[in-house]
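Novice: Below is the structure I would like to discuss, written out as structure tokens.
The values are calculated or read from the model by the stated rules, or taken from the named source; none is laboratory data. Quantities reported herein were computed from a predicted structural model and do not represent experimental measurements. We place every Cβ from the backbone using ideal geometry, glycine too, and count neighbours over all the protein chains shown.
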Amino acid sequence: MAEGTAPISPEGAAIGRPIARDDGVAKVTGRARYAADCRPPGLLHAVIAPSRIARGRVTAFDLDAAMAEPGVVAVMTPANRPPLAEDPDAKTAPIVFRLDLLQDDRIRYAGQPVAVVIGETLEAAEEGAFRLAPAYAAEPALVDIDAAEPFVPETVGLGAPVERRRGDVEAALATAAHRVQRRYETAAQVHNPLEPHAVVAVWEGDRLWVDTPSQNVARAQRRIAGLLGLPPDHVHIRSPFVGGGFGAKAFPAGPQVLGILAARLVGRPVKLVLSRAQMFGAVGHRAPTRQTLRLGLADDGTIAALAHHARVASSRFDDFFEPAAALSGGVYAAGAVETTHEAVRLDIATPVVMRGPGEATGSLALECAIDEAAAELGLDPLAFRRLNHADTEPISGRPFSSKALRACYDAGAARFGWAGRPLAPRSLSDSDGRLVGLGIGTAVFPSMMFQAEARALLRADGAAIVELGAHEIGQGAATALRQIAADALGLPLSAVTLRTGASDLPDAGGAAGSSHTATAGSAIHAAGTALVARLAALATADPASPLHGAGNAVLFAADGALHAGDGRRDPHAAVLARAGLGAIEARGAAAPDRAARASHAMAAHGAVFAEVAVDPDLGAIRVTRLVGAFAAGRIVNPRLARSQLVGGMIWGLSLALHEAAQFDPATGAIANADLGAYRIPVHADLPFVEALLVAEEDTLVNPLGVKGVGEIGITGTAGAVANAVWHATGVRIRRFPIRIEDLALAMPGREKEDDA
Amino acid sequence: MRRFAYLRPARLEEALAAAAEPETAWLAGGTNLVELMKRGVARPARLVDLAGLEDLATITPLAAGGLSIGAAVRNADLARHPVILRDAPILAEAVLSAAAPQIRNRATTAGNLLQAPRCAGFLDPGAACNRRAAGSGCAARGGDGRDAAVLGATEACIAVHPSDLAVPLVALDARLRVAGRDGERTIALGTLYGADGASTLPPGELVRAVLLPAEAAGFAGHARYLKLRERTSFAFALVSAAAALRIAGGRIVAARVALGGVAPRPWRPAEAEAVLAGAVPTDALFRAAADAALAAARPIAENGFKIELARRVLVRALTLALRGTPARVPALAASPFAPAGEGARHG
Amino acid sequence: MAKVPVQFTLNGSEKAEFVESGATLLDVLRDKIGDTSPKAGCRQGTCGSCSVIVDGELRLSCLTLAETCEGASIVTTAGLAEGGVLHPLQRAFMDAFATQCGFCTPGMIMAAKALLDRNPDPSRDEVVEAIAGNICRCTGYEPIIEAVLSAARSNSISAA
């Protein structure tokens, strides 16, 4: 922080402290109220009937059978679905996804809602949905990313360029002393927050109350209001607790709107909760990728050319193209660099952002390719990474606002014990004969920021209420943002109440893109600054104040009082009391600093080190150690930050070794659509995971100097694990997640070796 | 799910009478049946709960030697029962490698043996499945076939049997005591499974107990279950093997071998046992036994790897069995990463 | 088909409900009684978030038919705190930062309680095994292990 720009107390009384979670009691007692926990009087239960085919039409329902089930109240189909004010396929805003809201009989992916059955009980609605037995006219479906015809989309991600170039990659490759070209495959994945999407909808005339988990209540409010033709302020969205989102709740999904429409249809409150199988359908996923890395290397070990090309999949009817290659423009110095994408359209649901969208899969491929290049040159993979450290952002030439990656390499390597790692693969084994390998990956995630507003109210008793539509999705936002609020207002934590998670509050931006603390926190900081300025104006103008006549600029707020540099102070409550005010309020807004972002690249960085043990005959892999060191600007709450980083690292491990949604080529449906067959790791699969926080100061990224920690952990880690597997076995598997058989059969069986 | 009548008889005769009605299912732990009912795969009109039948839940010695394991003995109780740990610790190792603690607290011995396949086609009531509806076809044949059987698959069904417990039980020549309205009979566990793995018991018959023969205890000192799986908990076997040896004078006096995850039913390769019997244990012998066990294997689609993996898993299981049963079931039961070298308790 | 009467004890209180055929214990607890501490993460026995203790044994309430619970004694996370004082496990979960989104938390706490009830001094491996049926998607497992071990330690101290 530059001095004198903010009334945050110099020490940061609350920021930086590992205080316990504000929502801890609610969560450990089971009292935290998630959407599906709401039970308004007269509640009915709605159940989605999903399509079993991936392409075609619904030709009939057995409505009589469904309605004959005792307790079934109504069946909502395209024939009787309440009207919408907007076509759910219309692009009504720059970033809006097409929704399946029973607009017609057309089916465009397996799992698409084809009807909603509403019952007095959940059991009745479920049995009604079973009895509905839709009949289909199926058409051949294509779900194989390798079999479809590619094209070049206009943009990738949420409006990012599909191609970026700096220098002449082809020329640099042609003249490079060494060339490495490798292709990597990553599987489709599904967010699977433990809390399924749920909606409890209550209509009162033309007002709508919606309890639903959301990573962006303001966006959900706009979308739902638009679809229903309501003024946005007639749509009240409440989302105080979100049982995980990971991107799946960043945009309102079709089933949530269907629950609202079902309530409209029957004129009673309705609860609709997705089944776990339905979580593999209409609420988004991470697209599979096919990625090709081409590197040109000089004899001195520097990278002359780096080209990253990704093929990604989207649905036939909407655009979300995983920007898998994009991050390669910002990680390693290269004489020439390019990132390019192509896409295919498949008969699948539209993919959506999922923790590290593009960065996760792209980092996995990049870090493997970098490792393969180091091996080609006979260099230590950490030394190779250090040698090619990007002092400026390679794709743009911009300097970084801050970058403590070298310190991350140092700290991580020291903690992990990288020194002395043998260069050659298949060099290490443990006492049980398992092959041991050590791998590294560089972690990087852009430091994004969006627009947000907040308001702060200081009461006569010196306590404050800070309000904004921020989102507690498990990351600890409610706690971290309150820490920021306390410092911004110069109040002890005990005097600050934070209200979040509702669309009636100021728009705080979404909990996505690892930007929430930066975005919402900056708005809180601005609101606090404005409020303290008002308070200071009152005090300095008040002859009875000890601060009378002191200039505003030299005042700061701390410990519930305004302070002058010379030791004079005036408590907040005293200022208000003398002014005869019951409370004062201030609003603040935050937005990215466009000038700073034009001139500087902004990203968090890290280094992840993995140790694996591999059974030499059976190919079974265990990650035995995982250490990450991360520099992410100012850390608001180190315990919460570490939880985020460790969680991300385990997602990275899972990307490398566990999670794959398997599309059945025959039906187009995801064949393993449950948590038994879609294998999210349990603790028994995991090593002790350690995340070190490396100090980093950044005066440009935002007024608070914070970068995000929500997603960076997944980057670097997946590659580190894959590289450790190679180092253990000498076998490079390029299809992820690594399957037991791919590794086992690529290794000679030990018994066979004995014969030789 | 379909509405059903729920009955909880207190006596076996009542239970058998109740089960004689059509569309009746036995309810034991419910961990598989209730899931199938929720999916719409099982739609019974009546459930006969076995919870009231006390004698189904005990483990008792048999007069002629061996053990009777009640059909309703919970998996968790089986895995910690001192007599099982003494006479057949391989059963504990297999059970503890399966499912998750909550499931093992409820799932029963017979329920485990009779559990339904995990084939996606079977589990989707809208898909064609000969096992669910004879003659309807097999949706799994269009899939990638990774999980399909490589031994004993039929034209009708390529799903593998999901039970871990059944694998060592088949190896150890377990039998079943089965009750019907006409009385009781005993059958070999192997004959419980038809060619497609489905139960051969007529509707209304009830497994009362699993009978472990006296000879089983002779293998207790050299018996291991090894399971290759893709998550350390709640994952079915990609391939698994039970290997039990009786060793005397440096020779294998008798061998019992079975494979899981490779066939529609727990697979007992007599050929492998014949290779092992009477021989001096060596790596080469174990490889020969594994080759014999998989000689008839044929891939369905993209699952040829299973044949080689099964060979290696069996070789490893035999190697571990030769080393001796550990004094305690390892924390990561049946895992290739279970701590080794805890010392052979039975020598 | 008529609804079926079922009586059981929930966290020490007698409950009598008419339940639907096919209703699970999870649905009855949440929708009829209003104890929403057990969470419905998958409703098919694969995630552990609905775990409750029935007659001293850790169970998945989503796979437990309500009709089978006649006469049972059921404990949920909502019943752990006594007189406003948190149970040692709840305290330990808070202190160890063992909650993130919180959706798995009640099930985790039940799994931990079932473990400590029969094994007051578990090893680390035993804790890992005890929560092997509970998925945490935020992947905050390590603090959960720490919390359970810490609660066990504090129990043994207070018992000493």
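Novice: Filter the range B:34-64 for residues that are assigned to a strand (DSSP E or B) and not charged (D, E, K, R); which is nearest to B:P213 (Cα to Cα)? Lay out the reasoning, then the answer.
Specialist: Of the residues in the range B:34-64, the ones assigned to a strand (DSSP E or B) are B:46-49, B:59-61.
From the residues that got through so far, the ones that are not charged (D, E, K, R) too are B:47-48, B:59-61.
Details: B:L47: 32, B:V48: 30, B:I59: 13, B:T60: 12, B:P61: 10 Å.
Here the residue is B:P61.
Novice: Within the range A:184-259, considering only strands (runs of 3 or more DSSP E) that don't extend past its boundaries, which have at least 3 residues that are of a type in the set (V, I, T) and in contact (Cβ under 8 Å) with a residue 60 or more places away in the chain?
Specialist: The qualifying strands (runs of 3 or more DSSP E) are A:198-204.
Novice: Just need a number here: residues in the range A:67-76 that are crowded, with 21+ Cβ neighbours inside 10 Å and within 13 Å of chain B (Cβ to nearest Cβ).
Specialist: 2
Novice: Moving to a separate point now. Looking at the range B:123-159, which of its residues are closer than 23 Å to B:A237 by Cβ and of a type in the set (D, E)?
Specialist: Those that are closer than 23 Å to B:A237 by Cβ and of a type in the set (D, E): B:D124, B:D144, B:D147.
Novice: Output the residues belonging to the range A:200-217 that are within 23 Å of A:F450 (Cα to Cα), touching a Lys or Arg at 6+ places or on another chain (Cβ under 6 Å) and not polar (S, T, N, Q).
Specialist: A:P213
Novice: Does B:V280 satisfy the criteria of being β-branched (V, I, T), farther than 30 Å from C:I135 by Cα and in contact (Cβ under 8 Å) with a residue 12 or more places away in the chain?
Specialist: yes
Novice: Of the conditions (1) acidic (D, E); (2) within 24 Å of A:K271 (Cβ to Cβ); (3) outside any loop (DSSP other than H, G, I, E, B), C:E14 clears all except one; give me its number.
Specialist: Here C:E14 clears every test but (2).
Novice: Considering each of C:D95, C:D35, C:D55, C:D31 in turn, give the residue that is over 13 Å from the mean Cα position of the chain (by Cα) and not assigned by TED's automatic domain parsing to the domain that holds C:V128.
Specialist: After ruling out the rest, the residue left standing is C:D31.
Novice: Here is a list: A:A141, A:A147, A:A172. Which entry is within 20 Å of A:Y109 (Cβ to Cβ) and surrounded by 16 or more Cβ atoms within 10 Å (Cβ to Cβ)? Show your work before the answer.
Specialist: Values: A:A147 fails: surrounded by 16 or more Cβ atoms within 10 Å (Cβ to Cβ); A:A172 fails: within 20 Å of A:Y109 (Cβ to Cβ).
Unique residue meeting the criteria: A:A141.
Novice: Just to check your reading of the model, which residue among B:V178, B:V167, B:V160 is modelled with pLDDT of 95 or more, in a loop (DSSP other than H, G, I, E, B) and away from chain C (no Cβ under 14 Å)? Walk me through how you get there before you give the answer.
Specialist: Details: B:V178 fails: in a loop (DSSP other than H, G, I, E, B); B:V167 fails: in a loop (DSSP other than H, G, I, E, B).
Sole residue among the options that is modelled with pLDDT of 95 or more, in a loop (DSSP other than H, G, I, E, B) and away from chain C (no Cβ under 14 Å): B:V160.
Novice: Looking at the range C:51-77, which of its residues are small (G, A, S), in a strand (DSSP E or B) and within 12 Å of chain A (Cβ to nearest Cβ)?
Specialist: Within the range C:51-77, C:S51 is the sole residue that qualifies.
Novice: Let me confirm something: among B:A274, B:A301, B:A288, B:A296, which residue is at pLDDT below 95 and either out of contact with any strand residue (DSSP E or B) (no Cβ under 8 Å at 6 or more places or on another chain) or farther than 19 Å from B:A94 by Cα (or both)?
Specialist: Result of the check over B:A274, B:A301, B:A288, B:A296: B:A301.
Novice: Moving on to the next point. State all residues of the range A:72-86 that are in contact (Cβ under 8 Å) with a residue 24 or more places away in the chain and in contact with a Gly (Cβ under 9 Å, 6 or more places away or on another chain); if no residue qualifies, say none.
Specialist: Quick first cut of the range A:72-86, residues in contact (Cβ under 8 Å) with a residue 24 or more places away in the chain only: A:72-78, A:80-82, A:84-86.
Correct list: A:V72, A:V73, A:A74, A:V75, A:L84, A:A85, A:E86.
Novice: Filter the range B:118-150 down to residues that are touching a helix residue (DSSP H, G or I) at 6+ places or on another chain (Cβ under 8 Å) and part of a loop (DSSP other than H, G, I, E, B), then give me how many there are.
Specialist: Residues in the range B:118-150 being touching a helix residue (DSSP H, G or I) at 6+ places or on another chain (Cβ under 8 Å) and part of a loop (DSSP other than H, G, I, E, B): 10 in total.
Novice: Let me ask you something else. Considering only residues that are touching a strand residue (DSSP E or B) at 6+ places or on another chain (Cβ under 8 Å) and more than 10 Å from every other protein chain (Cβ to nearest Cβ), which ones fall in the range B:97-106?
Specialist: B:S97
Novice: Follow-up. Suppose we filter A:A79, A:A36, A:A49, A:A54 for residues that are in a helix (DSSP H, G or I) and either among the hydrophobic types (A, V, I, L, M, F, W, C) or modelled with pLDDT under 95 (or both); which single one remains?
Specialist: Exactly one residue qualifies, and that residue is A:A36.
Novice: Something else: What are the residue pairs meeting all of these: first residue in the range A:672-695, first residue within 22 Å of B:G121 (Cα to Cα), second residue assigned to a strand (DSSP E or B), Cβ atoms under 8 Å, and 6 or more apart or on different chains?
Specialist: As it stands, the answer is A:N672/A:A661; A:A673/A:A661; A:Y678/A:A661, since those pairs meet every condition given.
Novice: Further question on the same structure: Restricting the search to the range A:661-693, which residues are among the hydrophobic types (A, V, I, L, M, F, W, C), surrounded by fewer than 23 Cβ atoms within 10 Å (Cβ to Cβ) and more than 9 Å from every other protein chain (Cβ to nearest Cβ)?
Specialist: If the condition is that a residue be among the hydrophobic types (A, V, I, L, M, F, W, C), surrounded by fewer than 23 Cβ atoms within 10 Å (Cβ to Cβ) and more than 9 Å from every other protein chain (Cβ to nearest Cβ), then A:A661, A:L692, A:L693 are the ones that fit.
Novice: Could you tell me whether the range A:570-582 includes any residue that is within 29 Å of A:D22 (Cα to Cα) and either in a loop (DSSP other than H, G, I, E, B) or within 36 Å of the chain's Cα centre (by Cα) (or both)?
Specialist: yes
Novice: Can you find a residue that is buried (at least 24 other Cβ atoms within 10 Å of the Cβ), closer than 26 Å to A:L405 by Cβ and of a type in the set (S, T, N, Q) anywhere in the range A:340-350?
Specialist: no
Novice: If A:A620 satisfies all but one of (1) facing chain B (nearest Cβ under 9 Å); (2) in contact (Cβ under 8 Å) with a residue 40 or more places away in the chain; (3) within 29 Å of A:A728 (Cβ to Cβ); (4) within 22 Å of the chain's Cα centre (by Cα), what's the number of the condition it fails?
Specialist: (4)
Novice: Next question. When you look at C:E142, is it touching a strand residue (DSSP E or B) at 6+ places or on another chain (Cβ under 8 Å) and more than 14 Å from chain B (Cβ to nearest Cβ), yes or no?
Specialist: Numbers: touching a strand residue (DSSP E or B) at 6+ places or on another chain (Cβ under 8 Å): yes; more than 14 Å from chain B (Cβ to nearest Cβ): yes.
Yes; evaluated as a whole, the condition is true for this residue.
Novice: Mind telling me which of the residues A:A527, A:A539 ends up being touching an Asp or Glu at 6+ places or on another chain (Cβ under 7 Å) and outside the structural domain of A:M747 (by TED's automatic domain parsing)?
Specialist: Residue meeting the stated conditions: A:A539.
Novice: Right, here's the next one. Condition check: over 28 Å from A:A673 (Cβ atoms), within 9 Å of chain A (Cβ to nearest Cβ) and either buried (at least 22 other Cβ atoms within 10 Å of the Cβ) or not basic (K, R) (or both). Does C:G45 satisfy that?
Specialist: No: the conditions fail for C:G45.
Novice: Something else about it: Here's a check for you: in the range A:262-296, which residue that is touching a helix residue (DSSP H, G or I) at 6+ places or on another chain (Cβ under 6 Å) and hydrophobic (A, V, I, L, M, F, W, C) is surrounded by the fewest Cβ atoms within 10 Å (Cβ to Cβ)?
Specialist: The selected residue is A:V273.
Novice: Looking at (1) farther than 18 Å from A:V47 by Cβ; (2) of a type in the set (K, R); (3) outside any loop (DSSP other than H, G, I, E, B), can you tell me which one A:R131 breaks?
Specialist: Of everything listed in (1) farther than 18 Å from A:V47 by Cβ; (2) of a type in the set (K, R); (3) outside any loop (DSSP other than H, G, I, E, B), A:R131 misses just condition (1).
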